[in-house]
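Accompanying notes for the structure given below.
What follows draws every value from the coordinates through simple rules; no lab data is involved. The structure displayed is predicted, hence computed values, not measured ones. All Cβ positions, even for glycine, are placed from backbone atoms using ideal geometry, and neighbour counts span all protein chains on display.
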Amino acid sequence: MWTNIKDQSIVSPTGDGSVEFKFKCSQCGSDIVTNSINIPEPNMMADNSSESEVCRVKTVVCDTDQCNEEHDLNISNGFGGMYVNIDDVNEEDIYYQSI
Ligand SMILES: [Zn+2]
């Protein structure tokens, strides 16, 4: 089941989950569904939520004919939950689902 990233549900506080993301390509407007991506584990030694955030960047290429736009998914996970930011893509157009 696809969940909008805006809902900011906690995927897994221990980070053992893999998710798929779905978002609209900012170049051609078609939907891109990623392969399974491992969510980084939060820093469990951190004192607070912002220090606990661990980030990773995953580059996804749009495979629509003649587009091939590269998108960097900036994924962070912390005590407050998982979040992803993609340049030029509104969060309304970003969804995820657990595998
Ligand atoms: Zn595209």
Spin-label zone in region 53-87 - amide nitrogen under 12 Å from a point set 7 Å from the Cα of Ser30 along the C-beta vector: 62-69
Could you pull out every residue, at least 5 positions away or on a different chain, whose amide H is within less than 5 Å of the one on Ile94? Hs are placed 1.01 Å off N in the peptide plane, and Pro or chain starts have none. Ile5
In Å, what is the Rg of the alpha-carbon atoms in the chain, and how long is Dmax? 13.6, 47
Looking only at Asp31, Asp88, Asp65, which one moves most when the chain is put into a Gaussian network model with springs between Cα atoms under 10 Å? Asp65
Under a crude label model (7 Å from the Cα following the beta-carbon direction), how far is Met44 from Asp65 in nanometres? 5.0 nm
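Relative contact order of the chain, please, whole-number percent, based on alpha carbon pairs below 8 angstrom and at least 6 residues apart. Walk me through the intermediate numbers first.
Values: 217 pairs, mean separation 38.3, N = 99.
Relative contact order comes out at 39 percent.
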At a Cα cut-off below 16 Å, give the lysines reachable from Lys6, other chains included and same-chain residues fewer than 8 away excluded. Lys22, Lys24
